[in-house]
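Let me begin by presenting the structure, written as structure tokens, before commenting on it.
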Amino acid sequence: MLDRIRVVLVNTSHPGNIGGAARAMKNMGLSRLVLVQPEEFPSGEANARASGATDILEAAQVVDSLEEALAGCSLVLGTSARDRRIPWPLLDPRECGQTTLAQVEQGGEVALVFGREYAGLTNEELQRCQFHVHIPSDPEFSSLNLATAVQVLTYEVRMAWLAQQGQPTKMAKVESTAMLNTVPVTAEELELFYGHLEQTLVAIGFLDPEKPRHLMSRLRRLYGRSGISKLEMNILRGILTETQKAARGEPHKRRND
């Protein structure tokens, strides 16, 4: 599906920006790059800035006109940083991502068009686009680097694609002790913990064994609903052991789990 989306760079003057754009595309799973009359390409600087995305540069299509670059596209979205005083349908980056995915879902080809570093797209070029896309940057410093603008729009395309695919948009951090951190403790392990906890509370004077009231019952209810894992239990038992040592005046060790 994402292979029906092309990124079109018009008359790019700095080859490093082409490489940066290629890297941004690869980060977000896009692969089709079209260059309209780049001032310098291919380039060693472009390869350096691509930082592992040289396959996108090698496969890039170089054409002489925007018309060639848009051949076969059913939807064209052009980036515009300035008010051109032309009434035109305008999207923000999130809407751009959603609109792009809706089109490719129907089998269409989509072009995301980016203009020159110093001047953007001309009015004539913008009129070839069904929608203009404006990135709402700070008005006091609104000019974005070309590769940065590509990163913003391709990120929103990817977020829309992940939502369409039903895939998560964030990945949980996996600890080196991930297995212990997902396996729940057994009832027997909980009972050993409660015994250890009660001994420790008596040792530090927090629990009076002659007048226990309902303290242990409340603590059982608290820990029982916490879904404690084996790793967490190891930590809790370690804390209790060191607390008992401190109560007896013995030296204790520090942990940084």
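Against the definition (touching a residue at least 12 places away in the same chain (Cβ under 8 Å), touching a His at 6+ places or on another chain (Cβ under 7 Å) and not assigned by TED's automatic domain parsing to the domain that holds Gly19), how does Arg220 come out, yes or no? No; evaluated as a whole, the condition is false for this residue.
Residue-wise test of (1) at pLDDT 95 or above; (2) within 18 Å of Glu117 (Cβ to Cβ); (3) more than 27 Å from the chain's Cα centre (by Cα).
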residue: Met1; (1), (2), (3): no, no, no
residue: Ile5; (1), (2), (3): yes, no, no
residue: Met28; (1), (2), (3): yes, no, no
residue: Ser43; (1), (2), (3): no, yes, yes
residue: Ala46; (1), (2), (3): yes, yes, no
residue: Ala50; (1), (2), (3): yes, yes, no
residue: Asp55; (1), (2), (3): yes, no, no
residue: Glu67; (1), (2), (3): yes, no, yes
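Restricting attention to region 13-51, the residues that are part of a loop (DSSP other than H, G, I, E, B), touching a Lys or Arg at 6+ places or on another chain (Cβ under 7 Å) and closer than 26 Å to Leu101 by Cβ add up to 2.
When the helices (runs of 4 or more DSSP H) confined to region 145-257 are screened for residues that are in contact with a Lys or Arg (Cβ under 9 Å, 6 or more places away or on another chain) and at pLDDT below 90, those reaching at least 1 such residues are found at 178-182. Of all residues in region 72-130, those being touching a residue at least 60 places away in the same chain (Cβ under 8 Å), farther than 20 Å from Leu144 by Cβ and hydrophobic (A, V, I, L, M, F, W, C) number 4.
Here are some residues: Pro89, Pro93. Which one is within 17 Å of Leu126 (Cα to Cα) and within 22 Å of the chain's Cα centre (by Cα)? One residue alone meets the criteria, Pro93. Could you grab me the full set of residues in region 1-12 that are surrounded by 22 or more Cβ atoms within 10 Å (Cβ to Cβ) and in a loop (DSSP other than H, G, I, E, B)? If the condition is that a residue be surrounded by 22 or more Cβ atoms within 10 Å (Cβ to Cβ) and in a loop (DSSP other than H, G, I, E, B), then Thr12 is the only one that fits. When region 105-132 is limited to residues that are modelled with pLDDT under 95 and among the aliphatic types (A, V, I, L, M), the one that is surrounded by the most Cβ atoms within 10 Å (Cβ to Cβ) turns out to be Leu121.
The values are calculated or read from the model by the stated rules, or taken from the named source; none is laboratory data. Since we're looking at a predicted model, the values are computed, not measured. Positions of Cβ are generated from backbone atoms using ideal geometry, with glycine treated the same way; all protein chains shown enter the neighbour counts.
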